[in-house]
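*Asks:* Pasting a structure here, questions to come.
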Amino acid sequence: MGTKAKKTIHSNGNNFRSKFELDFSQHLLRLQRDGVLAGWKHEDETLKYVIEHKYLTDFKLVGNHGRVMYIETKGYFTGKDRTKHKKVRERHPDKDVRFIFMNSATRLNKTSKTTYGSWCTKNGFKYADRVLPSAWIRELNKE
């Protein structure tokens, strides 16, 4: 099913997204005509914003000498997950986040040639399949 196309209402060189916007613009025109407003513009400026999110780690491993490693276990690795982990790393570059996949050879989607594992390699994340590698345990326990 396709998405429903939004109707726009054209008036005075503007494209309004609803009748309410159009009605409000008529109100603003009256205020401008009465000298209450010097002017106004419709959809004139774009303002960027950031939404604060939280990431709850699956597992926090602590080695014998206090080293910390975070493990994210994934059966299904969505685009939302991938974006989240890139953002988490940008915000916390000092945190060691790694992935344990059910199957790192799984493709990102039906048409992609990229696997979960190759995405990790490309984006600088360490990964393994199903179990915690002994090399990671040794690394975690280094002094």
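*Asks:* Taking the alpha-carbon distance from Lys7 and a cut-off under 14 Å, which aspartates and glutamates remain once sequence neighbours fewer than 8 residues away in the same chain are dropped?
*Replies:* Counting by Cα, and skipping residues close in sequence, Lys7 has these aspartates and glutamates nearby: Glu21.
*Asks:* Could you check how many percent of all C-alpha pairs in the stretch 59-140 are farther apart than 20 Å?
*Replies:* The share of Cα pairs beyond 20 Å in the stretch 59-140 comes to 32 percent.
*Asks:* Can you tell me which lysines have their Cα less than 29 Å from the Cα of Lys87? Leave out same-chain residues fewer than eight positions away.
*Replies:* Output for Lys87: Lys48, Lys54, Lys60, Lys74, Lys95, Lys110, Lys113, Lys122, Lys126, Lys142.
*Asks:* Of all DSSP beta bridges located in the chain, what percent are antiparallel, nearest 5?
*Replies:* Antiparallel bridges make up about 50 percent of those DSSP assigns within the chain.
*Asks:* Would you look at the GNM of the chain, springs on alpha carbons closer than 10 Å, and say which of Thr115, Thr46, Thr73 moves the most?
*Replies:* Among Thr115, Thr46, Thr73, the largest GNM mean-square fluctuation belongs to Thr46.
*Asks:* Let me ask another. Would you please give the residues with an amide H less than 5 Å from that of Ser11, counting only those at least 5 places away or on a separate chain, with H modeled from the backbone geometry?
*Replies:* For Ser11, whose amide H was placed from the backbone, the distant partners under 5 Å are Phe16.
*Asks:* Right, another one. Kindly provide the helix-only [θ] at 222 nm of the chain, computed as the sum of -39,500 (n - 2.57) over DSSP H runs of four or more divided by all residues, to the nearest 500 deg cm²/dmol?
*Replies:* My calculation for the chain gives -9000 deg cm²/dmol from helical runs alone.
*Asks:* Amide H to amide H under 5 Å from Val97: which residues, 5+ apart in sequence or cross-chain, H placed 1.01 Å off N in plane?
*Replies:* Hits under the 5 Å cutoff: Tyr70.
*Asks:* Now for a different question. Quick one: putting +1 on the C-beta of Lys and Arg, -1 on the C-beta of Asp and Glu, what dipole do you get for the stretch 1-45 around its Cα centre, in Debye to the nearest 20?
*Replies:* 280
*Asks:* Rounded to the nearest 10 degrees, what's the angle between the helix 79-91 long axis and the longest principal axis of the chain, both from Cα atoms, 0 to 90?
*Replies:* For helix 79-91, the angle is close to 80 degrees.
*Asks:* Quick one: compute a quarter of the convex hull surface over the Cα atoms of the stretch 1-106 and quote it in nm².
*Replies:* 13.1
*Asks:* Using the Cβ atoms and a cut-off under 11 Å, what net charge is assigned to the surroundings of Asp96, where Lys and Arg are +1 and Asp and Glu are -1?
*Replies:* +4
*Asks:* Additional query: How far is helix 19-33 tilted, in degrees, relative to the longest principal axis of the Cα atoms in the chain, given as a value from 0 to 90 rounded to the nearest 10?
*Replies:* Relative to the chain, helix 19-33 is tipped by roughly 50 degrees.
Read-outs: derived from the displayed coordinates by stated rules, not from any lab. Note that the structure is a prediction, hence the values are computed from the model and not measured. Positions of Cβ are backbone-derived with ideal geometry, glycine not excepted, and every protein chain shown enters the neighbour counts.
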